[in-house]
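This report refers to the structure that appears directly beneath it.
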Amino acid sequence: MTSKMMLTLGTQRSAIREIAAWGAKRKQEIGPENVLDFSLGNPNVPAPDEVAEAILSIVQDSSPVSYNSYTASPGADDVRGIIADNLNRRFGTDYTAKNLYLTAGAAAALCIALSALVSSDKDEVIVFAPYFPEYKVFIEARGATMKVIPARPDFSMHPEDLEEAINENTAAVLINSPNNPSGFVYDEKTIHMLSDMLRKKSREFGRPIRIVSDEPYRELAYDVKVPFLPNYYDDTLVCYSWSKSLSLPGERIGYVLVPDKVTAADEMIAAIAGSGRALGYVCAPSLFQKVIGRCIDVMPDLRIYATNREKLIAGLEKAGYEFARPDGAFYFFIKSPFPGGGQEFHERAKKEDLLVVPGASFGAPDYVRLSYCTTTEAIERALPILQKLMDEK
């Protein structure tokens, strides 16, 4: 017999990857320069020079055994210490190596954290639409239920929505800021509101409700402060990845952070380790552990993203599209002008060889996502098509 859940997951690819696969085939047919692909969030900015320099130095100056061998299951102690020191300098915290569990990217970090948190099939994890589609897979595979708070037009968080959604089965609230797919950043006032609400509800139910903060875009923010959630709410687990900040999506390196202020922190740290063991997520890629140790203070180059963002803001506003201004990440989430919502917009754009992702996968079917981690030339070529589509409404 086979698992029906896993069979379904294995035979139904994500909408994003289906579109990307169609785009790859189309590029072979008409040439890659003739397909304007805004589907995948695959950074087009190269990894910083420091990354290549670190790889070369490690490989040339060390024994292969030293960088190809297993580390401890949670990651090398020295690298975890370096990461902790970086967080302490930036956010005024007091973490040590023991607070970090290194992972193969944020997806593994989220699965580990959720597996450690979910203790019953009655457990619920709250997410806010629009949300990253794989959240549903990660949560349900742990045996919990994903409870969605519908999107507001400006993608903001409201206390009355939280008050209605939280109940005695709420195990955690999963947030993503800067957000994929909208680029929305929760400000400090919002995080204070969320924290106050969760403290109130935790007292009411006699147990802690956790925040799981999914932060692969933390460093990709434009002229706004991205609050570091553990400094606002003690029961916060952070899931991080260098995929976007260092343009390393294919290298799969990230972490779970469990601060000492988390309720029963030692038990949670042990549960994270147990979850990693049960899922087989032990010893993140050892070479890239060492690379991160050497590149911990390197920040992303946002200039191309910032230029693309400004061009899209100007072009979309001129064309009359509705969207919330993205303050982070590299996505626009725009409202479809067509009665068929995001799916109709996607189909019409596809006929122009412009690839966008319908919003249904993100819990907001009236929208489409545009990923602007592409060339500025592609942005400039897409704007007339976006204007044409608006004129067709």
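The values are calculated or read from the model by the stated rules, or taken from the named source; none is laboratory data. The shown structure was predicted, so the numbers you read here are calculated from the model rather than taken from an experiment. Cβ atoms come from the backbone with ideal geometry, glycine included; neighbour counts cover every protein chain shown.
Residues SER62, SER69, SER73: which one is touching a Ser or Thr at 6+ places or on another chain (Cβ under 7 Å) and either farther than 30 Å from ARG309 by Cβ or in the same structural domain as GLN343 (by TED's automatic domain parsing) (or both)? Break it down into steps so the answer makes sense when it comes.
Details: SER62 fails: touching a Ser or Thr at 6+ places or on another chain (Cβ under 7 Å); SER73 fails: touching a Ser or Thr at 6+ places or on another chain (Cβ under 7 Å).
Unique residue meeting the criteria: SER69.
Would you pick out the residues in region 224-280 that are polar (S, T, N, Q) and under 17 Å from ALA76 (Cα atoms)? Walk me through it before giving the result.
Of the residues in region 224-280, the ones polar (S, T, N, Q) are 231, 236, 241, 243, 245, 247, 263, 275.
Within region 224-280, SER241 is the sole residue that qualifies.
Inside region 365-379, can you point out the residues that are under 11 Å from LYS335 (Cβ atoms) and crowded, with 24+ Cβ neighbours inside 10 Å?
Within region 365-379, TYR367, VAL368 meet the criteria.
Answer yes if at least one residue in region 273-282 is within 22 Å of LEU100 (Cα to Cα), in contact with a Leu (Cβ under 8 Å, 6 or more places away or on another chain) and modelled with pLDDT of 95 or more, and no otherwise.
Restricting attention to region 273-282, the residues satisfying the condition of being within 22 Å of LEU100 (Cα to Cα) are 273-282.
Next, from what is left, pick out any that are in contact with a Leu (Cβ under 8 Å, 6 or more places away or on another chain): none.
No - not one qualifying residue is present in region 273-282.
Does ARG325 satisfy being within 15 Å of PHE184 (Cα to Cα), part of a strand (DSSP E or B) and of a type in the set (D, E, K, R)? First the steps, then the outcome.
On the way: within 15 Å of PHE184 (Cα to Cα): yes; part of a strand (DSSP E or B): no; of a type in the set (D, E, K, R): yes.
Against the criterion (within 15 Å of PHE184 (Cα to Cα), part of a strand (DSSP E or B) and of a type in the set (D, E, K, R)), ARG325 does not qualify.
Quick check: anything in region 210-217 assigned to a loop (DSSP other than H, G, I, E, B), surrounded by fewer than 24 Cβ atoms within 10 Å (Cβ to Cβ) and touching a helix residue (DSSP H, G or I) at 6+ places or on another chain (Cβ under 7 Å)?
no
Across region 25-56, what is the number of residues that are surrounded by 14 or more Cβ atoms within 10 Å (Cβ to Cβ), of a type outside the set (Lys, Arg) and part of a helix (DSSP H, G or I)? Even if it seems obvious, please write down each step before you answer.
Filtering region 25-56 for residues surrounded by 14 or more Cβ atoms within 10 Å (Cβ to Cβ) gives 26-27, 35-45, 47-48, 50-51, 54-55.
Subset that is of a type outside the set (Lys, Arg): 35-45, 47-48, 50-51, 54-55.
In the following step, the residues that additionally are part of a helix (DSSP H, G or I) were identified as 50-51, 54-55.
Number satisfying all stated conditions: 4.
Mind counting the residues in region 69-120 that are hydrophobic (A, V, I, L, M, F, W, C), closer than 21 Å to ARG294 by Cβ and in contact with a Lys or Arg (Cβ under 8 Å, 6 or more places away or on another chain)?
Count: 6.
If the Cβ limit is 6 Å and pairs must be 6+ apart or interchain, which residue in region 330-356 that is closer than 27 Å to TYR222 by Cα and part of a strand (DSSP E or B) pairs with which residue that is at pLDDT below 95 and among the aliphatic types (A, V, I, L, M)?
Pairs found: LEU354/LEU36; LEU355/ILE19.
In this structure, is PRO358 in contact with a His (Cβ under 7 Å, 6 or more places away or on another chain) and either assigned by TED's automatic domain parsing to the domain that holds ASN34 or at pLDDT 95 or above (or both)? Spell out how you get there, then give the answer.
Values: in contact with a His (Cβ under 7 Å, 6 or more places away or on another chain): yes; either assigned by TED's automatic domain parsing to the domain that holds ASN34 or at pLDDT 95 or above (or both): yes.
Answer is yes for this residue.
Against the definition (surrounded by 19 or more Cβ atoms within 10 Å (Cβ to Cβ), free of Cβ contacts under 8 Å to residues at least 40 places away in the same chain and of a type in the set (Ser, Thr, Tyr)), how does SER195 come out, yes or no? Outline the logic, then answer.
Details: surrounded by 19 or more Cβ atoms within 10 Å (Cβ to Cβ): yes; free of Cβ contacts under 8 Å to residues at least 40 places away in the same chain: yes; of a type in the set (Ser, Thr, Tyr): yes.
Answer is yes for this residue.
Do you know which residues across region 358-372 are in a strand (DSSP E or B) and touching a Leu at 6+ places or on another chain (Cβ under 8 Å)? Steps first, answer last, please.
Restricting attention to region 358-372, the residues satisfying the condition of being in a strand (DSSP E or B) are 358, 367-371.
The answer is LEU370, SER371.
Would you check which residues across region 4-22 are modelled with pLDDT of 80 or more and either closer than 24 Å to VAL368 by Cα or surrounded by fewer than 10 Cβ atoms within 10 Å (Cβ to Cβ) (or both) and list them?
LYS4, ALA15, ILE16, ARG17, GLU18, ILE19, ALA20, ALA21, TRP22
Looking only at residues that are in a loop (DSSP other than H, G, I, E, B), over 19 Å from the mean Cα position of the chain (by Cα) and of a type outside the set (D, E, K, R) in region 88-123, which one is farthest from SER275 (Cα to Cα)? So that I can check it myself, show each step before the final result.
Taking region 88-123 as the starting set, the residues that turn out to be in a loop (DSSP other than H, G, I, E, B) are 92-96, 104, 118-123.
Those still in the list that are over 19 Å from the mean Cα position of the chain (by Cα) too: 92-96, 118-123.
Then keep just the ones that are of a type outside the set (D, E, K, R); that gives 92-93, 95-96, 118-120.
Values: GLY92: 29, THR93: 25, TYR95: 21, THR96: 20, VAL118: 11, SER119: 12, SER120: 15 Å.
My answer is GLY92.
Matching residues to (1) over 27 Å from THR93 (Cβ atoms); (2) out of contact with any helix residue (DSSP H, G or I) (no Cβ under 6 Å at 6 or more places or on another chain); (3) basic (Lys, Arg); (4) surrounded by 20 or more Cβ atoms within 10 Å (Cβ to Cβ):
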residue: CYS239; (1), (2), (3), (4): no, no, no, yes
residue: LEU248; (1), (2), (3), (4): no, yes, no, yes
residue: ALA264; (1), (2), (3), (4): no, yes, no, no
residue: GLY280; (1), (2), (3), (4): yes, yes, no, no
residue: ASP301; (1), (2), (3), (4): no, yes, no, no
residue: ALA314; (1), (2), (3), (4): yes, yes, no, no
residue: LYS318; (1), (2), (3), (4): yes, yes, yes, no
residue: ARG325; (1), (2), (3), (4): yes, yes, yes, no
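So ASN86 passes all but one of these: (1) surrounded by fewer than 21 Cβ atoms within 10 Å (Cβ to Cβ); (2) over 25 Å from PRO249 (Cβ atoms); (3) not hydroxyl-bearing (Ser, Thr, Tyr). Which condition number does it fail?
So ASN86 meets the others, but not (2).
For residues that are at pLDDT 95 or above and assigned to a loop (DSSP other than H, G, I, E, B), scanning just region 301-322, find the one that is farthest from the chain's Cα centre (by Cα).
Restricting to residues being at pLDDT 95 or above and assigned to a loop (DSSP other than H, G, I, E, B), the top hit is GLY320.
Restricting attention to region 118-134, which residues are of a type outside the set (S, T, N, Q) and farther than 23 Å from ASN180 by Cα? Before the answer, list the steps.
So in region 118-134, the residues of a type outside the set (S, T, N, Q) come out as 118, 121-134.
Hits for region 118-134 are VAL118, ASP121, LYS122, ASP123.
Mind checking which residues of region 351-362 are under 17 Å from GLY41 (Cβ atoms) and out of contact with any Asp or Glu (no Cβ under 9 Å at 6 or more places or on another chain)? Give the steps one after another, and end with the answer.
Taking region 351-362 and keeping what is under 17 Å from GLY41 (Cβ atoms), we get 354-359, 361-362.
VAL356, VAL357, SER361, PHE362 - these are the residues of region 351-362 that are under 17 Å from GLY41 (Cβ atoms) and out of contact with any Asp or Glu (no Cβ under 9 Å at 6 or more places or on another chain).
For residues in region 62-85 being of a type outside the set (Gly, Ala, Ser) and not in a helix (DSSP H, G or I), which is nearest to the chain's Cα centre (by Cα)? Talk me through it step by step, then tell me what you get.
Let us first name the residues in region 62-85 that are of a type outside the set (Gly, Ala, Ser), namely 64-65, 67-68, 70-71, 74, 77-80, 82-83, 85.
Subset that is not in a helix (DSSP H, G or I): 70-71, 74.
Values: TYR70: 27, THR71: 26, PRO74: 21 Å.
The residue in question is PRO74.
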